[in-house]
1. Residues of the stretch 175-195 being crowded, with 19+ Cβ neighbours inside 10 Å and touching a helix residue (DSSP H, G or I) at 6+ places or on another chain (Cβ under 6 Å), which ones?
2. Looking only at the stretch 248-266, which residues are of a type in the set (D, E, K, R) and either at pLDDT below 90 or loosely packed, with under 12 Cβ neighbours inside 10 Å (or both)?
3. Confirm whether PRO200 is without any contact (Cβ under 8 Å) to a residue 24 or more places away in the chain, more than 27 Å from PHE268 (Cα to Cα) and out of contact with any Pro (no Cβ under 9 Å at 6 or more places or on another chain).
4. Any residue that is of a type in the set (Val, Ile, Thr) and assigned to a helix (DSSP H, G or I) - is there at least one of those in the stretch 146-157?
5. Read through the list (1) in a helix (DSSP H, G or I); (2) on the phi > 0 side of the Ramachandran plot, then give the number of the only condition that GLY93 fails.
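The values are calculated or read from the model by the stated rules, or taken from the named source; none is laboratory data. Only a predicted model underlies this, so the values are computations on that prediction, with no experimental measurement involved. Note: ideal-geometry Cβ built from the backbone for every residue, glycine included; neighbour counts use all protein chains shown.
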Amino acid sequence: MPPAYTASQKAAIAQFVSFTQVDKASAARSLKTHNWNVDAAVNGFYSNGQNTAHATTHDSSLNQVFDKYQDAPKESPNKIGPTGTMKFFGDIGVDLEGISMLIASEIVQSPSMGEMEREGFVKGWSALGSLAPPTASADTTAKMKAAIGARQKEIASPTPAGRDAFKRVYRHTFAVGREPGQKAVGLSSATEFWRVLFGPSGTPWTSAGTPWLDWWIAFLEQHHRKTVNKDLWNQTLTFAQKCLADESLDWWDEESAWPGVVDEFVEFVKSEKRAATDGAMEIG
């Protein structure tokens, strides 16, 4: 008697089979190894060199797409510059002022904003293939557009997979947001990225009683005025998630290892913003 699978596991098996063309038993084994995470299982399938013929065909298609957008194929055969990148983003429906641009940059592991390299392009779209229905192979611009839409919906969903996807995009944004040779992101650039990442199309950093993102940016522009290093960038996401879980800040512990500017922001919220709000309510 075949093993019993849940509805979600059966759906995962079907997705894996449609992308890799293996039998259901092999699909189930791969998925079990990766905790039933389709993206991770598919990535592992190709990383381990399984079904080489299918992978080779898929990679060939992706290389052809890459070649189409190259700015200088002879001088830089493995690189797409800003002109080609913007053309590619336009063809796959990326909003250059929205989170979809950051999603696409993370997928292909752009080394800097507006640039793509062949290895990251091929590996990124191969790994994301399971999000591109109906053929589950993101090797054309139409399928890439579908995959971007699917990833954006995933990020907007309050699920572990959605939070993981958002975290990957958030962290990669720091890498592409730095100026060449710099270890930190300029404050003006950081605030622009935060408005996109924590805006309506990403994971909004606001709650019923607190416009967290607006307060955070206003505080930094008034009191910080420095670049944003990697630790502050990453800790801002952790802080935002905690604020959304409990806006009272009762969980706050000044002895915890937060960046100093986050400690100062909490004090700013408690002593100035919250105090002003409470005072206005009393007067009313």
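1. Within the stretch 175-195, VAL176, GLY177, VAL185, PHE193 meet the criteria.
2. ASP250, ASP253, GLU254, GLU255
3. no
4. The answer is yes; a qualifying residue exists.
5. Among (1) in a helix (DSSP H, G or I); (2) on the phi > 0 side of the Ramachandran plot, GLY93 violates only (1).
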